[in-house]
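The values are calculated or read from the model by the stated rules, or taken from the named source; none is laboratory data. None of these values were measured; they are calculated from a predicted model. Virtual Cβ from ideal backbone geometry, glycine too; neighbours counted across all protein chains shown.
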């Protein structure tokens with residue numbers, strides 16, 4: 001049964017799994033590739049938040065959803081517009097680049113890998129496919145698990161029949177890369193079911209509910225801003241952290257939300273949340289990610305593990321190679337399957 005499941009899912013699921021793995025490998029180096037495609041993005045890093053605040057203050061506040069602040073990997077402001085397009089601004093207030101969703105191959109990779117070109121429906125499909133990918137790896141391990149561990153199990157034949165050659169190479173590569181294949185499939189699927197996974201981990205670790213005091217902010221016109229003041233004020237609350245992302249307000253009574261990354265956080269966008277009163281620039285609340293329940297902190301490690309935000313360059317290269325493995329395994333499996341079918345037909349028709 002496991003052999004039939006593995007063969008069926010391997011032949012069919014590869015239509016999604018192979019391109020998903022390849023596009024994921026590309027996205028690991030998204031920022032470097034952007035600077036290669038668009039040399040104007042090769043800017044010096046400016047760390048003065050007041051300077052970036054002045055750039056934001058000069059923009060129409062109603063036109064944007066959020067902004068990713070500059071850091072070492074992306075020394076520019078990355079603003080997401082309401083229509084889904086992205087803008088990249090320099091510290092001098094120059095618009096360096098405006099990108100639509102499908103403007104370049106990076107955008108195509110992103111939309112396929114995260115949304116399957118179909119937003120919410122695509123994400124639901126990817127969630128199901130991710131679970132099937134785990135079943136694919138599990139069924140392969142189950143039906144190929146050695147009964148007796150011997151050295152010849154790991155020998156890779158260079159001169160043998162295509163059936164034996166492709167089967168052995170498929171088994172050895174799949175066996176040793178299975179932990180990474182499971183890791184990428186598991187974390188990717190968990191990201192799509194983020195809310196359910198977070199609730200399950202919080203229940204498992206008995207996380208206490210965190211309730212922040214409700215403090216009303218004064219009405220402040222959405223069309224006005226004081227980013228040059230707001231950003232430095234938020235940074236003062238976290239001497240050991242860095243501001244990563246800020247959301248644009250949609251209502252006059254809405255508080256200002258800024259996300260930051262503390263030293264002990266893995267998440268590149270930060271999960272520490274600072275809320276300010278836009279009218280007075282006063283601090284309403286600070287919720288540190290490192291003070292949350294253990295279950296919630298574990299759930300916030302899933303995304304960084306999936307996209308190599310931790311582990312350094314060595315781990316990123318491992319994930320890059322992992323992105324190529326499904327294509328290699330599918331090719332070897334296809335050779336084994338077709339040659340076996342041909343051998344079976346020849347055997348039946350032999351005199």
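Limited to region 105-122, what total is found for residues that are at negative phi and surrounded by 15 or more Cβ atoms within 10 Å (Cβ to Cβ)?
Within region 105-122, residues that are at negative phi and surrounded by 15 or more Cβ atoms within 10 Å (Cβ to Cβ) number 11.
May I ask you to verify whether residue 84 is more than 16 Å from the chain's Cα centre (by Cα) and without any contact (Cβ under 8 Å) to a residue 24 or more places away in the chain?
Numbers: more than 16 Å from the chain's Cα centre (by Cα): yes; without any contact (Cβ under 8 Å) to a residue 24 or more places away in the chain: yes.
Yes, satisfied.
A quick yes/no check of all residues on (1) in the same structural domain as residue 246 (by TED's automatic domain parsing); (2) more than 22 Å from residue 29 (Cβ to Cβ):
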position: 55; (1), (2): yes, yes
position: 60; (1), (2): yes, yes
position: 70; (1), (2): yes, no
position: 95; (1), (2): no, yes
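I'd like to check something: does region 109-119 contain any residue that is more than 26 Å from residue 3 (Cβ to Cβ), modelled with pLDDT under 90 and out of contact with any helix residue (DSSP H, G or I) (no Cβ under 6 Å at 6 or more places or on another chain)?
Checked region 109-119: at least one residue is more than 26 Å from residue 3 (Cβ to Cβ), modelled with pLDDT under 90 and out of contact with any helix residue (DSSP H, G or I) (no Cβ under 6 Å at 6 or more places or on another chain).
Which ones in region 291-340 are on the phi > 0 side of the Ramachandran plot and free of Cβ contacts under 8 Å to residues at least 40 places away in the same chain?
311, 312
From 285, 280, grab the single residue that is in a loop (DSSP other than H, G, I, E, B) and either free of Cβ contacts under 8 Å to residues at least 12 places away in the same chain or more than 23 Å from the chain's Cα centre (by Cα) (or both).
Result of the check over 285, 280: 280.
Given the structure, is residue 77 surrounded by 14 or more Cβ atoms within 10 Å (Cβ to Cβ), in contact (Cβ under 8 Å) with a residue 24 or more places away in the chain and farther than 16 Å from residue 26 by Cβ?
yes
Could you tell me which of the residues 141, 153, 134, 129 is over 30 Å from residue 36 (Cα atoms) and in contact (Cβ under 8 Å) with a residue 60 or more places away in the chain?
Values: 141 fails: in contact (Cβ under 8 Å) with a residue 60 or more places away in the chain; 153 fails: in contact (Cβ under 8 Å) with a residue 60 or more places away in the chain; 134 fails: in contact (Cβ under 8 Å) with a residue 60 or more places away in the chain.
Criteria check complete, one pass: 129.
Being under 26 Å from the mean Cα position of the chain (by Cα), part of a helix (DSSP H, G or I), in contact (Cβ under 8 Å) with a residue 40 or more places away in the chain and more than 30 Å from residue 141 (Cβ to Cβ) is true for just one of 40, 35. Which residue is that?
Exactly one of 40, 35 is under 26 Å from the mean Cα position of the chain (by Cα), part of a helix (DSSP H, G or I), in contact (Cβ under 8 Å) with a residue 40 or more places away in the chain and more than 30 Å from residue 141 (Cβ to Cβ), namely 40.
How about region 155-171: which of its residues are under 21 Å from residue 322 (Cα atoms) and either at pLDDT 90 or above or surrounded by fewer than 16 Cβ atoms within 10 Å (Cβ to Cβ) (or both)?
Hit for region 155-171 is 156, nothing else.
Keeping to region 86-99, report how many residues are in a loop (DSSP other than H, G, I, E, B) and touching a helix residue (DSSP H, G or I) at 6+ places or on another chain (Cβ under 7 Å).
Total satisfying the criteria: 2.
Consider residue 316 carefully, then state whether it is in a helix (DSSP H, G or I) and either within 24 Å of residue 164 (Cα to Cα) or at pLDDT below 90 (or both). Show your work before the answer.
Details: in a helix (DSSP H, G or I): yes; either within 24 Å of residue 164 (Cα to Cα) or at pLDDT below 90 (or both): no.
When the stated conditions are applied, residue 316 does not pass them.
Quick one: count up the residues across region 225-249 that are modelled with pLDDT under 95 and either exposed (fewer than 12 other Cβ atoms within 10 Å of the Cβ) or outside the structural domain of residue 262 (by TED's automatic domain parsing) (or both).
Number satisfying all stated conditions: 2.
Going through 17, 5, 79 one at a time, which residue ends up being under 22 Å from the mean Cα position of the chain (by Cα) and assigned to a helix (DSSP H, G or I)?
On the way: 5 fails: under 22 Å from the mean Cα position of the chain (by Cα); 79 fails: assigned to a helix (DSSP H, G or I).
So the residue among 17, 5, 79 that is under 22 Å from the mean Cα position of the chain (by Cα) and assigned to a helix (DSSP H, G or I) is 17.
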